[in-house]
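The values are calculated or read from the model by the stated rules, or taken from the named source; none is laboratory data. Owing to the predicted nature of the structure, the values given are computational and were not obtained by experimental measurement. Cβ: placed from backbone, ideal geometry, glycine included. Neighbour counts: every protein chain shown. Side chains are part of the model used for accessible areas, which takes the heavy atoms of the whole protein and leaves out ligands, DNA and RNA. Shrake-Rupley method; radii C 1.70, N 1.55, O 1.52, S 1.80 Å.
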Amino acid sequence: MNAVPLPLAAPSTSGADLLLWVAVPYVCLAVFAVGHVWRYRQDQFGWTSRTTQLLEHRWLRFGSPLFHLGAFMVIAGHVVGLAVPDAWTEAVGITEHMYHTTAVWAGSVAGVAMVAGLGMLCARRLLTRSIRLGTDRSDKLLFPLLSATVLLGITATFAHNVFGAGYDYRSTVSVWFRGLFVLQPQPEAVAGAPLLFQLHALSACLLFAAWPFTRLVHVWSAPVGYLARPYLVYRRRATPATAAPTSTGRSRPTSGSRRAA
């Protein structure tokens with residue numbers, strides 16, 4: 001009598017995986033949301049990056065554009081890579097090879113620019129005494145956490161997708177990320193990812209939790225409206241009419257003015 005094969009059991013999820021990939025992300029997202037409400041109500045006029053351009057501008061001149069340009073490119077790449085399923089990109093004619101090649105090289109350029117800019121900004125803050133003395137506690141938390149998140153991300157890219165055999169994070173990390181927002185977390189999807197990708201994901205969660213309490217809130221008050229704002233027309237103020245002296249020494253009104261009756 002032949003035995004009936006039993007269906008394979010679904011892979012079990014350990015308590016550590018539930019803690020790291022379900023509890024920690026949801027706690028960080030809750031702090032992110034509630035923290036922004038609290039910051040807006042308590043410090044509405046403090047949503048600023050507190051520029052230090054007057055204290056030092058040579059490093060800032062190059063570091064700030066490099067960091068912000070690289071950050072915009074990195075954020076755009078993460079939105080596509082994490083939020084957009086691979087089936088959608090293939091449906092519009094973008095093959096996996098095309099996406100992988102573009103993501104690796106464009107992401108590498110963006111990551112290098114972001115790291116270079118962030119390195120200049122951190123060095124500027126450490127080497128310039130006046131700026132270093134003005135660094136508050138939130139900056140002391142933000143800069144190391146942001147640096148760790150950026151360095152872990154670019155290290156994972158270079159280690160696995162530039163010099164390594166390649167790793168498709170869209171089939172693991174992306175599945176876990178999208179599952180969090182539809183309340184269907186899949187911790188097993190990211191539990192088997194390489195360690196660098198896991199550390200990058202955890203540091204990003206901590207960065208989101210720290211976001212409302214740091215200068216990162218100035219992202220939401222960026223002057224985007226200036227891009228569609230109409231031009232301002234400035235007109236020169238008319239100069240008042242001057243009186244021309246006469247031969248008798250009395251002033252005579254110039255043309256355009258009226259003598260008082």
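Going by the alpha-carbon gyration tensor, a ≥ b ≥ c the square roots of its eigenvalues, is segment 144-201 rounded (a/c under 1.5) or, if a/c is not under 1.5, prolate (a/b greater than b/c) versus oblate? The shape class here is oblate. Across all C-alpha atoms in segment 54-176, the radius of gyration and Dmax reach 17.2, 54 Å.
To the nearest 10, the accessible area of F67 is 30 Å² with a 1.4 Å probe. Note on S171 and S14: the model spin-label points, each 7 Å out from Cα along the C-beta direction, lie 2.3 nm apart. With viscosity 1.306 mPa s and temperature 10 °C, the Kirkwood radius over alpha carbon pairs of segment 89-235 converts through Stokes-Einstein to a diffusion coefficient of 87 µm²/s. Given R0 = 22 Å, the distance between the Cβ atoms of H68 and S221 translates into a calculated FRET efficiency of 0.90. In a fully extended conformation the segment linking A87 and V109 would gain 5.3 nm over its present Cα-Cα distance, using 0.36 nm per residue.
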